Amino acid sequence: MTESEPKPLDRKSLSDDKEGTRVIDEVLRDQARREVLRDIAYRRPSASLRTRVVAGVLGLVALVTWTLPVPGLRPDIPFPLPPADEEAALRIAAYIQAQQVEAFRLSSGRLPDQLRETGEPMPGISYQKLDARTYSLNGTTERTTIRWISSDSSAALLGKNGAQRLRGMIP
Amino acid sequence: MSAHRRGGFTLVEVVAVVSILARIALPNVQEALIRARAAAAMGDVEVVRTAAANYYARNNAWPGEAPPGVVPAELLDDLPDEFSFDRGEYRLDWERWTLPNGLPEDTTPRILVGVLIATPDEMLGNAVAALIDNSGWYSLGHNSTFLIDGL
């Protein structure tokens, strides 16, 4: 039995008012002590400052990675062709486009005012009618630009690399 | 027995760490999906190539030009049911070009036919270009064109 526990009831002194008051006080104090102990035992532990900081930083990092364009957190599939191949492709497209313009000229007797008159334009190729018989084609990609005027030879448009590739492409 | 918690992680910490790990893994998942889409586009080109070859074998002529995303009417019988040229992330475009002056060293008029994969998605375009070998195609920007034949 410990000191904090109430003393056993002394039946002989029950008639004594002082003794009765002491017992009631003792019981009430004991009850209060137990309530304090129970509170401590079941109290939810409050987060320490360190825990709050760590949670805050982690939350902030998570928010930033999801909302801002962080380098390295985007899929990266680079354009696989070297610049020389890209230029050859551009020249092939311009060559085919020039032939579409020529086919239109042969069938209608005039140059098209807009490239769309010849059909679906080749991607990356733009057209400019210079006069009734001459036009220019411009080819543009992110890394390469070409310009050709119809008074120049079509071989110059294709270039050596483009001609070689086009020959290799045709089954 | 004390009910105090010692060590461990709070729910906020766990959610944040899982979220960060998921964000780090996401680009790899996205890249794999894009490359899978590119492979599907290449498969579509092969389907069209086979259908066009069947059509040519029967008719001794190639199907006519069709707008991007539209199946050429002549190919409908040779393509699988419900085959679409408009796949959302990319569109197929049947190309039939007339070359009245032929090639620089051979001016015999020619017809070139091919299939173009057009996509506004730069990554998908690059993934397609990365998949194909070094002949029979050219790639411009996000678009890759596969030549099927040149008569």
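The values are calculated or read from the model by the stated rules, or taken from the named source; none is laboratory data. Just so you know, these numbers come straight off a predicted model, no measurement behind them. Cβ: placed from backbone, ideal geometry, glycine included. Neighbour counts: every protein chain shown.
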What's the number of the condition A:Leu63 fails, among (1) in contact (Cβ under 8 Å) with a residue 40 or more places away in the chain; (2) closer than 30 Å to B:Pro27 by Cα; (3) outside any loop (DSSP other than H, G, I, E, B)? (1)
Being exposed (fewer than 11 other Cβ atoms within 10 Å of the Cβ), within 11 Å of chain B (Cβ to nearest Cβ) and either among the aliphatic types (A, V, I, L, M) or not in a helix (DSSP H, G or I) (or both) narrows it down to one of A:Pro78, A:Pro69, so name that one. A:Pro78
Are there any pairs, at least 6 apart or on different chains, whose C-beta atoms fall under 6 Å, with the first in region A:124-146 and more than 14 Å from every other protein chain (Cβ to nearest Cβ) and the second exposed (fewer than 15 other Cβ atoms within 10 Å of the Cβ) and assigned to a strand (DSSP E or B), and if so, which? A:Ser136/A:Gln128; A:Ser136/A:Ile149
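Based on what the data block shows, is A:Gly159 more than 7 Å from every other protein chain (Cβ to nearest Cβ), on the phi > 0 side of the Ramachandran plot, in contact with a helix residue (DSSP H, G or I) (Cβ under 6 Å, 6 or more places away or on another chain) and not aliphatic (A, V, I, L, M)? Before the answer, list the steps.
Numbers: more than 7 Å from every other protein chain (Cβ to nearest Cβ): yes; on the phi > 0 side of the Ramachandran plot: yes; in contact with a helix residue (DSSP H, G or I) (Cβ under 6 Å, 6 or more places away or on another chain): yes; not aliphatic (A, V, I, L, M): yes.
Yes; evaluated as a whole, the condition is true for this residue.
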Check on A:Leu166, at the interface with chain B (Cβ under 8 Å from one of its Cβ atoms) and either without any contact (Cβ under 8 Å) to a residue 40 or more places away in the chain or not in a loop (DSSP other than H, G, I, E, B) (or both): yes
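Within region A:139-167, track down each residue that is within 20 Å of B:Leu103 (Cα to Cα), polar (S, T, N, Q) and surrounded by 14 or more Cβ atoms within 10 Å (Cβ to Cβ). First the steps, then the outcome.
Filtering region A:139-167 for residues within 20 Å of B:Leu103 (Cα to Cα) gives A:139, A:146-167.
Keeping just the survivors that are polar (S, T, N, Q) gives A:150-151, A:153-154, A:161, A:164.
Residues satisfying the conditions are A:Ser150, A:Ser154, A:Asn161.
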Going residue by residue through region B:70-77, is there one that turns out to be assigned to a helix (DSSP H, G or I) and out of contact with any strand residue (DSSP E or B) (no Cβ under 9 Å at 6 or more places or on another chain)? yes
Within region B:114-134, can one find any residue that is in a strand (DSSP E or B), at pLDDT below 85 and either at the interface with another protein chain (Cβ under 7 Å from one of its Cβ atoms) or within 17 Å of A:Ile92 (Cα to Cα) (or both)? no
Do you know which residues across region A:102-125 are within 20 Å of B:Pro109 (Cβ to Cβ) and either buried (at least 20 other Cβ atoms within 10 Å of the Cβ) or of a type in the set (Phe, Trp, Tyr) (or both)? A:Phe104, A:Leu111, A:Thr118, A:Met122
